[in-house]
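A.B. asks: Following this message is one structure expressed as structure tokens.
The values are calculated or read from the model by the stated rules, or taken from the named source; none is laboratory data. In this text the structure is predicted, and so the values were computed from the model without any measurement. Cβ: placed from backbone, ideal geometry, glycine included. Neighbour counts: every protein chain shown.
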Amino acid sequence: MEHHRERSDHRPQDLPQVLIIRPPPVFTLFEEKFISSKFQFLKAWESTLPLDQFLTNYAGSVRAVLCSGASLITLDIIRLLPSLQLVVTASAGINHIDLNECRRLGIVVTNAAAVYSDDGADAAVGLLIDVLRKISAADRFVRHGLWPAKGEYPLGSKLGGKRVGIVGLGGFGLAAAKRLEAFGCTVLYNSRKQKPFVPYPFYSNVYDLAADSDALIICCGLTAETRHMVNREVMLALGKQGIIINIARGAIINEKEMVECLVQGEIGGAGLDVFENEPNVPKELFELDNVVLSPHRVVFTPDGFMAACELVVGNLEAFFSDKPLLSSVMDE
Amino acid sequence: MAPQNQSQPSQNDLPYVLILKPPPSFVIFGDHFFNSAKFQFLKAYESPLRLPQFLLAHAQSVQAVLSSGGAPVTADTIRLLPNLRLVVTTSQGLNHIDLSECRLRGISVAGAGTIFSADCADSVVALLIDVLRKVSAANRFVKQGLWSSQGDYPLGSKLGVKRVGIVGLGSIGSEVAKRLEAFGCTISYNSRNKKPLVPYTFYPNARELAANCDALIICCALTDETHHLINKQVLSALGKDGVIINIARGPIIDEKELVRCLIEGEIRGAGLDVFEHEPDVPSELFALDNVVMSPHNAVFTRESFEDLRKVVVGNLEAFFSIEPLLTPVVLDDQPHFPG
């Protein structure tokens with residue numbers, strides 16, 4: 001029997017496919033928001049086939065893939081997707097994508113950094129005040145019934161007047177800087193390149209920035225250059241009162257050296273949302289009152305996730321309509 | 001015998017400043033913290049005598065008292081100090097001083113001025129972010145090793161879309177507003193009087209303010225009017241998604257009612273630096289993840305104590321040099337404070 005295919009009849013089998021190897025958290029939480037009349041999803045994780053076989057059998061004509069931090073887009077995967085033209089990640093970070101291979105093949109990458117900046121900055125500043133003013137530690141003191149017995153709790157340190165060094169002055173960094181200015185902090189920064197029209201002093205490397213700062217906030221992407229960029233040397237330059245806040249990627253900091261510095265009192269404290277080997281966190285940190293830990297969560301809100309959904313769908317719909325993408329990652 | 005150097009008064013000549021109970025600074029730094037070459041301290045708390053006896057026996061010539069929140073200056077005390085001309089307090093709050101009696105007797109009062117406002121406002125923001133984004137609760141979760149075993153922690157809530165309602169738009173309230181605006185929040189307030197030239201929406205009472213905000217921040221003084229200002233009606237108006245932050249005075253909130261609302265989920269959460277019966281905190285709060293507590297130390301930083309030292313010593317030295325006080329409190333329009 002013949003099927004009459006009307007051009008206006010977008011039955012599911014006609015819609016172009018977007019491959020998902022493993023669902024981004026935001027997809028799992030809000031799948032209904034990803035429904036579009038312009039594309040459908042090819043869900044590799046729902047198949048019992050090994051991944052390479054699945055891709056070979058079913059993903060030959062796939063032009064776009066949706067991923068996130070937990071769903072790596074490696075060289076091997078790209079090689080199994082001969083039609084791939086677009087990688088959309090629901091995350092801010094892009095370190096899980098083989099960017100060299102994408103560049104080589106002309107594959108465009110979009111991310112969702114823009115929608116997470118405000119929430120990320122709120123989290124970074126919240127963690128900084130927490131560590132400086134011992135908010136979580138004092139809460140523990142009260143919660144354990146120690147106030148009547150022990151009286152005063154150790155003093156924190158004033159935020160106003162502190163020199164805060166921002167590592168990476170992109171969306172997150174700028175949003176954090178704006179907030180810190182309202183508290184009377186002096187903002188300094190390090191970036192790959194100095195930014196024109198930015199009123200904050202620029203430092204060409206993290207060591208010099210740390211030497212001149214009371215706190216460092218890590219807001220940059222994870223790349224080959226930034227891996228373990230914050231090491232023992234940088235932390236010693238930051239000093240015994242210095243505080244590190246990391247809301248970017250765990251591997252930007254040499255975690256082993258950071259744990260040593262914290263345990264030995266070479267730096268004053270840390271607020272960490274990310275780690276080198278999540279969800280594993282070095283147990284030495286559990287006993288430290290001057291360290292505040294978050295399970296890669298404090299930067300996220302439902303609003304941020306909803307906005308990420310919209311941005312992801314927006315990018316995909318633009319792609320399939322041959323319109324300009326909303327948030328492609330520019331090569332710098 | 002060599003004549004005494006007249007430019008250096010001996011210890012016996014220095015005027016006395018009476019202290020009823022040691023202020024927090026003495027507890028933390030030692031009782032030399034406010035030392036000066038221009039006065040000496042008379043420490044009532046070091047005497048075995050009961051206070052009225054002590055005052056009658058030793059304090060009749062005293063002109064100045066150094067007070068703090070835990071060392072109230074009541075009308076009874078004032079009446080036992082016939083030469084009292086000045087009360088200096090180490091706190092920004094004044095509710096522990098009988099201001100009416102001071103005004104009646106022409107006794108000057110000097111407080112901490114606005115030196116604590118910035119640190120206090122910083123604490124407010126920290127507590128608010130903590131409650132909304134579950135910072136302390138998630139910290140406990142990770143440190144108990146639950147991330148690897150139990151997986152993801154619940155999401156927190158966005159700050160910038162919150163409507164913030166400030167109760168008491170004085171020095172601290174204004175610093176809070178300035179900071180939260182940088183996070184994108186809209187600010188409204190309730191105060192004794194509407195403030196001209198202030199760009200925030202005014203509400204005539206706490207209940208209406210609560211009904212129109214997502215985060216209620218208590219920054220006002222404790223007075224007869226504000227005692228239990230935040231009651232069942234106000235908390236109900238704040239609602240299930242509302243958060244309350246109190247860094248002012250515990251009795252401004254009906255604590256029993258607050259605890260009940262928190263346990264039953266009638267408000268989203270609370271950040272509390274102050275309580276009705278410090279240092280006792282309702283133990284029901286200890287099990288709640290939507291509450292963040294601090295031991296009345298929202299203003300305590302190393303830097304603010306140094307600022308306080310300068311202000312307290314400065315006020316006392318100015319007084320004894322017959323110079324203007326640094327941070328005088330204007331007594332004419334003070335509301336009535338509970339005794």
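A.B. asks: Within the bounds of the stretch B:237-256, is there any residue that is over 30 Å from B:Ile28 (Cβ atoms), within 22 Å of the chain's Cα centre (by Cα) and surrounded by 17 or more Cβ atoms within 10 Å (Cβ to Cβ)?
C.D. replies: Checked the stretch B:237-256: at least one residue is over 30 Å from B:Ile28 (Cβ atoms), within 22 Å of the chain's Cα centre (by Cα) and surrounded by 17 or more Cβ atoms within 10 Å (Cβ to Cβ).
A.B. asks: Still on this model: Report, ordered by the first and then the second residue, all pairs with beta carbons closer than 7 Å, sequence separation of six or more or different chains, a first member in the stretch B:172-189 that is closer than 23 Å to B:Ala211 by Cβ, and a second member that is of a type in the set (Asp, Glu).
C.D. replies: B:Phe183/A:Asp122; B:Gly184/A:Asp118; B:Ile187/B:Glu181
A.B. asks: Please go through (1) part of a helix (DSSP H, G or I); (2) among the hydrophobic types (A, V, I, L, M, F, W, C); (3) closer than 20 Å to B:Lys134 by Cβ for A:Leu311 and return the number of the only condition it doesn't satisfy.
C.D. replies: All conditions are met except number (3).
A.B. asks: List the number of the failed condition for A:His296; all other conditions in (1) touching a strand residue (DSSP E or B) at 6+ places or on another chain (Cβ under 7 Å); (2) under 20 Å from B:Arg140 (Cβ atoms); (3) not aliphatic (A, V, I, L, M) hold.
C.D. replies: Going through the list (1) touching a strand residue (DSSP E or B) at 6+ places or on another chain (Cβ under 7 Å); (2) under 20 Å from B:Arg140 (Cβ atoms); (3) not aliphatic (A, V, I, L, M), A:His296 breaks only (1).
A.B. asks: Related question: Return only the number of the condition from (1) surrounded by fewer than 22 Cβ atoms within 10 Å (Cβ to Cβ); (2) within 20 Å of B:Arg133 (Cα to Cα) that B:Ala270 does not satisfy.
C.D. replies: (1)
A.B. asks: Moving on to the next point. If the requirement is being under 22 Å from B:Leu235 (Cβ atoms) and either touching a strand residue (DSSP E or B) at 6+ places or on another chain (Cβ under 7 Å) or hydroxyl-bearing (Ser, Thr, Tyr) (or both), which of these qualifies: B:Val142, B:Val131, B:Val135, B:Val161?
C.D. replies: Just a single option satisfies the conditions, and that option is B:Val131.
A.B. asks: Looking only at the stretch A:296-308, count how many residues are under 12 Å from B:Arg133 (Cβ atoms) and not in a helix (DSSP H, G or I).
C.D. replies: Adding up the residues that qualify gives 5.
A.B. asks: Also, I was wondering about something else. Among the candidates A:Ala237, A:Ala224, single out the residue that is surrounded by fewer than 19 Cβ atoms within 10 Å (Cβ to Cβ), away from every other protein chain (no Cβ under 14 Å) and more than 24 Å from A:Ser327 (Cα to Cα).
C.D. replies: After applying the criteria, what remains is A:Ala237.
A.B. asks: Could you count how many residues in the stretch A:23-40 are closer than 21 Å to B:Pro154 by Cα and assigned to a loop (DSSP other than H, G, I, E, B)?
C.D. replies: Residues that pass the stated criteria total 3.
Table: residues versus (1) more than 7 Å from chain A (Cβ to nearest Cβ); (2) part of a loop (DSSP other than H, G, I, E, B); (3) surrounded by fewer than 24 Cβ atoms within 10 Å (Cβ to Cβ); (4) of a type in the set (Lys, Arg).
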{"position": "B:Trp147", "(1), (2), (3), (4)": "no, no, yes, no"}
{"position": "B:Leu155", "(1), (2), (3), (4)": "no, yes, yes, no"}
{"position": "B:Val161", "(1), (2), (3), (4)": "no, yes, yes, no"}
{"position": "B:Ile172", "(1), (2), (3), (4)": "yes, no, no, no"}
{"position": "B:Lys178", "(1), (2), (3), (4)": "no, no, yes, yes"}
{"position": "B:Ile187", "(1), (2), (3), (4)": "yes, no, yes, no"}
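A.B. asks: Sort through A:Arg140, A:Arg179 and tell me the only one that's free of Cβ contacts under 8 Å to residues at least 60 places away in the same chain, basic (Lys, Arg) and out of contact with any strand residue (DSSP E or B) (no Cβ under 7 Å at 6 or more places or on another chain).
C.D. replies: Only one candidate qualifies: A:Arg179.
A.B. asks: For B:Leu132, state whether it is at pLDDT 95 or above and outside any loop (DSSP other than H, G, I, E, B).
C.D. replies: Spelling it out, B:Leu132 is indeed at pLDDT 95 or above and outside any loop (DSSP other than H, G, I, E, B).
A.B. asks: Now a separate question. Can we say B:Pro3 is at pLDDT below 95 and either out of contact with any Cys (no Cβ under 8 Å at 6 or more places or on another chain) or buried (at least 18 other Cβ atoms within 10 Å of the Cβ) (or both)?
C.D. replies: Yes; evaluated as a whole, the condition is true for this residue.
A.B. asks: Checking the conditions here, which among A:Val292, A:Val298 is within 13 Å of chain B (Cβ to nearest Cβ), over 17 Å from the mean Cα position of the chain (by Cα) and crowded, with 24+ Cβ neighbours inside 10 Å?
C.D. replies: Exactly one of A:Val292, A:Val298 is within 13 Å of chain B (Cβ to nearest Cβ), over 17 Å from the mean Cα position of the chain (by Cα) and crowded, with 24+ Cβ neighbours inside 10 Å, namely A:Val292.
A.B. asks: Working only within the stretch A:133-152, note down all residues that are within 7 Å of another protein chain (Cβ to nearest Cβ) and either crowded, with 20+ Cβ neighbours inside 10 Å or acidic (Asp, Glu) (or both).
C.D. replies: Result: A:Arg133, A:Ile135, A:Ser136, A:Ala138, A:Asp139, A:Phe141, A:Val142, A:Arg143, A:Trp147, A:Glu152.
A.B. asks: One residue is enough: does the stretch A:316-328 have a residue meeting the conditions of a type outside the set (Val, Ile, Thr) and either closer than 28 Å to A:Tyr153 by Cα or under 17 Å from the mean Cα position of the chain (by Cα) (or both)?
C.D. replies: yes
A.B. asks: Another one. With (1) more than 14 Å from chain A (Cβ to nearest Cβ); (2) over 18 Å from B:Arg207 (Cβ atoms); (3) polar (S, T, N, Q) as the list, and B:Ser283 as the residue in question, which single condition is left unmet?
C.D. replies: It fails just one condition, (1).
A.B. asks: Within the stretch A:234-246, does at least one residue satisfy the condition of being in a loop (DSSP other than H, G, I, E, B), modelled with pLDDT of 95 or more and under 28 Å from A:Val115 (Cβ atoms)?
C.D. replies: Among the residues of the stretch A:234-246, not one is in a loop (DSSP other than H, G, I, E, B), modelled with pLDDT of 95 or more and under 28 Å from A:Val115 (Cβ atoms), which makes the answer no.
A.B. asks: Looking at (1) at the interface with chain B (Cβ under 9 Å from one of its Cβ atoms); (2) farther than 16 Å from A:Ala123 by Cα; (3) modelled with pLDDT of 95 or more; (4) surrounded by fewer than 23 Cβ atoms within 10 Å (Cβ to Cβ), can you tell me which one A:Tyr200 breaks?
C.D. replies: Tallying (1) at the interface with chain B (Cβ under 9 Å from one of its Cβ atoms); (2) farther than 16 Å from A:Ala123 by Cα; (3) modelled with pLDDT of 95 or more; (4) surrounded by fewer than 23 Cβ atoms within 10 Å (Cβ to Cβ), A:Tyr200 fails exactly one: (1).
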